[in-house]
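The values are calculated or read from the model by the stated rules, or taken from the named source; none is laboratory data. Worth saying up front: this structure is predicted, and the values here are computed from it rather than measured. When we count neighbours, we look across all protein chains shown, and the Cβ atoms used for this are built from the backbone with ideal geometry, even at glycine.
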Amino acid sequence: MKYLKYFIQFIFVILIFSLFKLLGPNLSSKLGGKIFEKIGPLFRSKKIIRSNIRKAIPNINFENEKKIINSMWNNYGRIFAEYIFIENFRTGNLATNINIEGKETLDEIKKSNKQVIFISGHFSNFELMAMSLEKNNINVAAIYRPLNNIFLNPLMERIRKKYICKNQIKKGIGGMKKLIKLKKKNFSTALMIDQRVSEGILSNFFNQEALTTTIPAQLVKKFNIPVVPVYIKRINQINFKIKIKNPIYFSKEKTIKNITDELNMELEKMIILNPGQWIWSHNRWK
């Protein structure tokens with residue numbers, strides 16, 4: 001039954017991607033946003049989303065909360081619609097829609113020929129971040145979590161490897177081995193640190209403990225390299241701004257827990273900047 005459900009989802013995605021291809025990026029992104037505003041709340045718990053927002057913004061009123069939720073679903077739908085146009089964002093007519101602030105940091109990374117750890121969260125169209133790093137000649141490997149849908153996952157992996165980031169590292173033991181191999185070849189790493197992970201540690205996140213990945217902290221300790229936070233914001237429709245922040249250097253005395261807590265604080269700052277463009281539906285504090 002589960003596989004039948006996955007197959008139906010796969011057929012639906014193929015059909016709607018074909019429709020989006022005909023409509024073009026602007027109209028597709030707008031339509032995807034409107035569709036998800038309507039159907040998103042049917043598939044995700046409103047209670048969890050509202051609870052998450054109130055943990056991060058305790059004194060928020062009902063109207064602002066509703067505005068954030070609506071904006072989140074709209075952005076979610078736009079991301080979905082924009083997948084079919086990823087190639088255009090990389091090398092086509094949409095490439096100029098991405099503006100990078102902090103290119104001097106990327107230039108310094110290339111000039112010094114030293115690796116870093118790029119961290120971010122699921123903001124705006126988060127797929128464009130690793131793509132932009134690789135496009136700017138950064139040797140980078142992106143860590144990702146495979147989709148549960150066995151029919152859709154190969155499609156998404158093909159899109160990611162071909163247009164987003166050639167070196168995709170699957171979460172898990174096998175992926176970590178590949179990651180370490182690339183680190184020894186001086187590759188930087190890019191990953192999202194905002195998903196709940198069973199193998200993580202409890203770290204402070206908006207004043208409450210949340211299971212958080214320790215991969216960045218482990219890499220800091222093992223290779224003595226800095227962390228570079230990256231933030232992407234949807235400016236208008238299908239126009240984006242990516243901000244490359246200054247590298248964060250950690251002393252040898254910092255523990256895995258210390259580093260993880262500090263990176264969660266960086267994530268908090270990014271979320272508060274534009275809460276309507278972060279995905280609140282993940283149950284981080286379960």
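What to note about this one:
- Where helices (runs of 4 or more DSSP H) fall entirely within the range 1-58, those with at least 2 residues that are of a type in the set (A, V, I, L, M), surrounded by 12 or more Cβ atoms within 10 Å (Cβ to Cβ) and in contact with a Pro (Cβ under 8 Å, 6 or more places away or on another chain) are at 46-56.
- Among the residues making up the range 59-75, those that are surrounded by 20 or more Cβ atoms within 10 Å (Cβ to Cβ) and either over 25 Å from N204 (Cβ atoms) or touching a Pro at 6+ places or on another chain (Cβ under 7 Å) (or both) are I68, W73, N74, N75.
- Neighbours by Cβ (under 7 Å, 6+ apart or cross-chain): first from the range 137-161, in a helix (DSSP H, G or I); second of a type in the set (V, I, T): L152/V13; I159/I86
- Scan the range 171-229 for residues that are surrounded by fewer than 16 Cβ atoms within 10 Å (Cβ to Cβ), of a type in the set (A, V, I, L, M, F, W, C) and in a strand (DSSP E or B) and the total you get is 1.
- Residues in the range 236-246 that are touching a residue at least 60 places away in the same chain (Cβ under 8 Å) and in a strand (DSSP E or B): N239, F240, K241, I242, K243, I244.
- Residue satisfying all of: in the range 108-136; under 13 Å from the mean Cα position of the chain (by Cα) and assigned to a loop (DSSP other than H, G, I, E, B); nearest to E262 (Cα to Cα) among these: G121
- All positions within the range 216-275 that are farther than 17 Å from M129 by Cβ and of a type in the set (K, R): K221, K222, K252, K254, K257
- Restricting W285, W278 to those that are among the hydrophobic types (A, V, I, L, M, F, W, C), surrounded by fewer than 18 Cβ atoms within 10 Å (Cβ to Cβ) and touching a strand residue (DSSP E or B) at 6+ places or on another chain (Cβ under 6 Å) reduces the list to W285.
- Residues within the range 142-158 that are surrounded by fewer than 16 Cβ atoms within 10 Å (Cβ to Cβ), under 15 Å from the mean Cα position of the chain (by Cα) and of a type in the set (A, V, I, L, M, F, W, C), tallied: 1
- Here N139 clears all of (1) closer than 22 Å to K111 by Cα; (2) within 18 Å of the chain's Cα centre (by Cα) except the condition numbered (2).
- Taken together, the residues in the range 189-241 that are among the basic types (K, R) and within 14 Å of the chain's Cα centre (by Cα) amount to 3.
- Lone unmet requirement of (1) at pLDDT 95 or above; (2) within 26 Å of F205 (Cα to Cα); (3) of a type outside the set (D, E, K, R); (4) in contact with a helix residue (DSSP H, G or I) (Cβ under 9 Å, 6 or more places away or on another chain) for S132: (2)
- Residue selected from the range 247-261 under the condition without any contact (Cβ under 8 Å) to a residue 40 or more places away in the chain and among the basic types (K, R), by the criterion surrounded by the fewest Cβ atoms within 10 Å (Cβ to Cβ): K252
- Among (1) in contact (Cβ under 8 Å) with a residue 24 or more places away in the chain; (2) part of a helix (DSSP H, G or I); (3) more than 28 Å from S45 (Cα to Cα); (4) touching a strand residue (DSSP E or B) at 6+ places or on another chain (Cβ under 8 Å), the one test that N264 misses: (3)
- Inside the range 30-72, residues that are touching a residue at least 40 places away in the same chain (Cβ under 8 Å) and more than 28 Å from R196 (Cβ to Cβ) make up a count of 3.
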